[in-house]
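What follows is a set of notes on a single structure, which appears directly below.
The values are calculated or read from the model by the stated rules, or taken from the named source; none is laboratory data. Predicted model, so just to flag it, every value in this text is computed and none were measured. Counting neighbours? That spans all protein chains shown, and the Cβs are built from the backbone with ideal geometry, glycine included. The protein model used for the area step is the full one, side chains on, heavy atoms only, and it has no ligands, DNA or RNA in it. Shrake-Rupley method; radii C 1.70, N 1.55, O 1.52, S 1.80 Å.
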2 protein chains.
Amino acid sequence: MEDEVRQPTDGPLYTRLRDHLAAEITSGRLAAGTRLASERALSERYGYSRLTVRRALADLEEAGLLVRRRGSGTFVAERLIRKNVRGLASFSEDMRQRGLTPGSIVLRQELVFLEEEQAQMLKVAAHEGAVCLRRLRLANDVPMALETVFLPAALCPGLVRRTDLDRVSLYEVLEREYNLSADYAEEVVEAVNASEEVARLLRVAPGSALLRIRRLTSAKDRGPFEYVESLYCGDKYSLGLNVRRLGQ
Amino acid sequence: MEDEVRQPTDGPLYTRLRDHLAAEITSGRLAAGTRLASERALSERYGYSRLTVRRALADLEEAGLLVRRRGSGTFVAERLIRKNVRGLASFSEDMRQRGLTPGSIVLRQELVFLEEEQAQMLKVAAHEGAVCLRRLRLANDVPMALETVFLPAALCPGLVRRTDLDRVSLYEVLEREYNLSADYAEEVVEAVNASEEVARLLRVAPGSALLRIRRLTSAKDRGPFEYVESLYCGDKYSLGLNVRRLGQ
DNA sequence: AAGTGGTCTAGACCACTAG
DNA sequence: TAGTGGTCTAGACCACTTA
């Protein structure tokens, strides 16, 4: 086995171990069902305390990559319902995780004023401008979703004039150029019927069931910076969730 | 403030503290925006180590009830989009949390054999029986969802003959009589168009968009025990989610 | 400068699983 | 009975926020 952890000087110890193991699992080098070394063994192998190892393993269990069984060991998870938990992945990442090739067609890219509800959520004054970006999102060149993003203009000067948003990931641009990286989001998921216009764009029959996901995304310690409304084709997209009991 | 933790002899220390604080917050005794005592102070007040306190706070942050800011403190979260995260709540609990009165009409209650996919998920042999319970779920006497539950018959003997499932919560019965309490679930959420039959039951137009939620529920250390397919009226129901970044 | 949450250690006991 | 993961402790240093 590989005893070294990549990205050696980056971040806390537990994240390095976690990301290292995550890579081993998602790449298939650690196959589903495989039993990992015990926590004490990992602790010794990597030179981390057991608690640090446990923190890494806990994150991976939370993410559904590992299953831990008391008295028995820690195993690479076999999925029950095939998982496709999106977490905070962008559309592009999400599609790649599903084994599809993402694509985009920019339909609208301009400065607008926000409606009051959205202005309030994004904590901008009603008279401040926002960048509106509407893109048809493709998977293997087939329309998968219609996505409309609103960003406070003050947070991303120049974004409205970029001409590469049909090719690059918006989230990568936001992170690299504006130091805005998604850390937390609240979403509302609903089912709606496709309007004539949306149906034409998504190439489905009018009235087709769509998954509408509205998301307010926040950056670490910088508050909300993005409001997105996405309409996913109901027959092409499903949302996977892992739900855990909290109370009791 | 209250220094005592209820349910004193139950479970690990961190769950007691966590549930105690969760009750304080959801009841409103700890208002949104309130700053909690520091981890060290809580540690001293309750007589728990700081790590144990941290574990409880981490769970509550994960659940979206708390926000922790380094150098600043731990605060009761203010919701941005008003939340209606279902977690593992039953339909009845879910509706009550939304301020609606739940109701039920039993449409089907019988022993069946499972299809292979479902049998596999519930880990029962194909020839073993399962209880099938289909109920129209009402909110303020208006049809809200159509819910079909499958439970391995071996786990809940006698359930198929109960006559009160239009009045009592199935989850309460399962917990009280069969020691089956939901601890974890995997869900798949999709948008679908209502069939003629479903539309008639839900009193919506055929083709209306519905939220289909399929759930495999597991009990603590007892594995999966319930498979549910729910069809929610798209115009009456929305699903709230809090999403947090895992990596980095 | 004082206080906060974030990380980390070395060690301990427990409940559970397996041979 | 030996090994596993689950919980818990007492202490330490760090980065960050607030004043």
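Being at pLDDT below 80, under 23 Å from residue B:51 (Cβ atoms) and open to solvent by less than 60 Å² (accessible area, probe 1.4 Å) is the requirement here; does residue A:56 meet it?
Values: at pLDDT below 80: no; under 23 Å from residue B:51 (Cβ atoms): yes; open to solvent by less than 60 Å² (accessible area, probe 1.4 Å): yes.
Spelling it out, it is not the case that residue A:56 is at pLDDT below 80, under 23 Å from residue B:51 (Cβ atoms) and open to solvent by less than 60 Å² (accessible area, probe 1.4 Å).
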Query - Hey, residue A:110 surrounded by fewer than 19 Cβ atoms within 10 Å (Cβ to Cβ) and either under 25 Å from residue A:189 (Cβ atoms) or modelled with pLDDT under 90 (or both) or not - result: no
Query raised in the report: residue A:171: at pLDDT 85 or above and within 16 Å of the chain's Cα centre (by Cα), yes or no?
Result: yes
Requested in this report: Return only the number of the condition from (1) more than 7 Å from chain A (Cβ to nearest Cβ); (2) under 23 Å from the mean Cα position of the chain (by Cα) that residue B:241 does not satisfy.
Outcome: (1)
**Report entry** Set B:184, B:227: member being within 16 Å of DNA strand C (Cβ to nearest atom) and not assigned by the TED database to the domain that holds residue B:62
**Finding:** B:184
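Name the residue, out of B:210, B:165, that is outside any helix (DSSP H, G or I), facing another protein chain (nearest Cβ under 7 Å) and surrounded by 16 or more Cβ atoms within 10 Å (Cβ to Cβ).
Details: B:165 fails: facing another protein chain (nearest Cβ under 7 Å).
Only one candidate passes the filter, namely B:210.
Does residue A:191 satisfy the condition of being in the same structural domain as residue A:133 (by the TED database) and either without any contact (Cβ under 8 Å) to a residue 40 or more places away in the chain or within 15 Å of the chain's Cα centre (by Cα) (or both)? Give the derivation first.
Values: in the same structural domain as residue A:133 (by the TED database): yes; either without any contact (Cβ under 8 Å) to a residue 40 or more places away in the chain or within 15 Å of the chain's Cα centre (by Cα) (or both): no.
The answer is no for residue A:191.
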Report summary line: Matching residues in segment B:119-144 (under 21 Å from residue A:78 (Cα atoms) and buried (at least 17 other Cβ atoms within 10 Å of the Cβ)) number 4
Report task. From B:205, B:219, grab the single residue that is at pLDDT 95 or above and either touching a helix residue (DSSP H, G or I) at 6+ places or on another chain (Cβ under 7 Å) or of a type outside the set (D, E, K, R) (or both). Result -> B:205
